[in-house]
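Trainee: If you scroll down you'll find the structure; I have some questions about it.
What follows draws every value from the coordinates through simple rules; no lab data is involved. Computed from a prediction, not measured in an experiment: that's the story for all the values here. Counting neighbours? That spans all protein chains shown, and the Cβs are built from the backbone with ideal geometry, glycine included.
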Protein chains: 2
Amino acid sequence: MNEEHARAAADIAEVEAANTAFYEALERGDLDALTDSWLPGEELTVSCVHPGWPVLTGRRDVLRSYALIMANTDYIQFFLTDVNVTMTGETALVTCTENILSGGPAEDGDALGPLVGRLVVATNVFRHTADGWKLWSHHGSPVLADSDEDDDEDTTP
Amino acid sequence: MNEEHARAAADIAEVEAANTAFYEALERGDLDALTDSWLPGEELTVSCVHPGWPVLTGRRDVLRSYALIMANTDYIQFFLTDVNVTMTGETALVTCTENILSGGPAEDGDALGPLVGRLVVATNVFRHTADGWKLWSHHGSPVLADSDEDDDEDTTP
């Protein structure tokens, strides 16, 4: 592996780590770490689409939405699959499938509320800063139907 | 308006025009123009999420999906609202609401099939090339619930 390839591999690993850290902050309900995942300042306007939601624009609305989600989620776990990173210069684009297991507040005693599994796909755009890779945009959406795109590739004329 | 502001305004207008051209290609069912809206080559892997679909990665799968959609759509019109552009260097991020009116093949005679209205939000990432701004990523998702984020801003403590 030459030097350029080694650097590219290291860059991609850094982006993947930032992407993982974003989801781990959500799993822990850690709003500080979640806030730290997003681009600071107002130079670039951040945007966020939660599954089924309209677009949220700007740090204030985006971070407030996460505070709301965290307050209404007792348990959430993300199993990421199909993580794909493409990057150029200071911008990286990550697509991934979020296999989500979550539960709301318990209804009685100390047991967890009912657990629900969901399939969401996300496009996450990161910018490189002096403090590492930070989210510029997150767009998550529910997968409502299976695609057989991959299955028919060998049989398509 | 100083020179820097004038240039930024011109850049944003160019990105908006590229975004509009993408939707107009879809409205016309013009696969050539649609293909021309996307980043050429394989240097940067493009990705696309249609509402409710899993992620499609790479030009071949993305463009094939549009051919399929065009073949199954007799009429589609996009009324774009809330178009927001943020950019830095060679990358631009556009969020918008796609107010979609569409109809499938007619069921008899030369009349259009039933028209359906849908609300979709999109995050479109563009890269600047010698041939203008080209799509790196499109992520569209259905809006399943209203947000009253904006309505309660004045009353939130």
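Trainee: I'd like the mean, over residues of A:84-91, of how many other protein chain beta carbons sit within 10 Å of each residue's own Cβ.
Mentor: Per residue, the number of nearby Cβ atoms from other chains is 5 on average.
Trainee: OK, next. Taking each residue in B:62-68, count the Cβ atoms of any other chain within 10 Å of its Cβ, then average. What number comes out?
Mentor: Values: counts 0, 0, 3, 2, 0, 0, 1.
The shielding value for this peptide is 1.
Trainee: Same structure again: Under a no-solvent Debye model with one identical scatterer per Cα of chain B, what's log10 I(q)/I(0) at q = 0.14, 0.18 Å⁻¹?
Mentor: Log10 of I(q)/I(0), two decimals: -0.78, -1.14.
Trainee: Which percent of Cα-Cα pairs in the protein assembly as shown sits in each 20 Å bin, short to long?
Mentor: Percent of Cα pairs in each bin: 30, 58, 12, 0.
Trainee: Also: Report the charge-dipole magnitude of chain B in Debye, nearest 20, computed about the Cα centre from +1 at each Lys and Arg Cβ and -1 at each Asp and Glu Cβ.
Mentor: In total the dipole reaches around 820 debye.
Trainee: Nm distances between the label at A:Asp82 and the same-position labels in the remaining copies, 7 Å along Cα→Cβ, shortest first?
Mentor: 2.5
Trainee: Taking each label point as 7 Å beyond Cα in the direction of the beta carbon, state the distances from B:Leu101 to the same residue in the other copies, shortest first, in nm.
Mentor: Those separations, rounded to one decimal, come out as 4.7 nm.
Trainee: Taking the axis about which chain A rotates onto chain B, which residue of A lies nearest it as judged by Cβ position, and how many whole Å separate them?
Mentor: A:Ser141, 2
Trainee: Rounded to the nearest 5, what % of the DSSP beta bridges within the protein assembly as shown are antiparallel ones?
Mentor: On the way: 74 of 82 bridges.
Given both bridge residues lie in the protein assembly as shown, the antiparallel proportion sits at roughly 90 percent.
Trainee: Quick check on chain B: of the DSSP beta bridges with both residues there, what percent are antiparallel, nearest 5%?
Mentor: Looking only at bridges with both residues in chain B, the antiparallel portion is about 90 percent.
Trainee: Counting Lys and Arg as +1 and Asp and Glu as -1, each charge on the Cβ, what is the dipole of the protein assembly as shown about the Cα centre in debye, to the nearest 20?
Mentor: Details: 16 positive and 58 negative charges, 74 e Å.
In total the dipole reaches around 360 debye.
Trainee: Report, as an integer, the average count of C-beta atoms from other chains found within 10 Å of each Cβ along B:32-45.
Mentor: Whole-number average of other-chain Cβ neighbours for B:32-45 is 1.
Trainee: Work out from phi, with θ = phi - 60° and the Karplus expression 6.51 cos²θ - 1.76 cosθ + 1.60, the ³J(HN,Hα) of each residue of the range A:6-21, listed in order in whole Hz, and give x for Gly and Pro.
Mentor: 5, 5, 4, 5, 5, 4, 5, 4, 5, 5, 4, 5, 5, 5, 4, 4
Trainee: Helix-only mean residue ellipticity at 222 nm, chain B, DSSP H runs n ≥ 4 weighted -39,500 (n - 2.57), per residue, nearest 500. What is it? Please report the intermediate quantities before stating the final value.
Mentor: Values: 3 runs with 46 residues, N = 157.
Helices in chain B give a 222 nm mean residue ellipticity of -9500 deg cm²/dmol.
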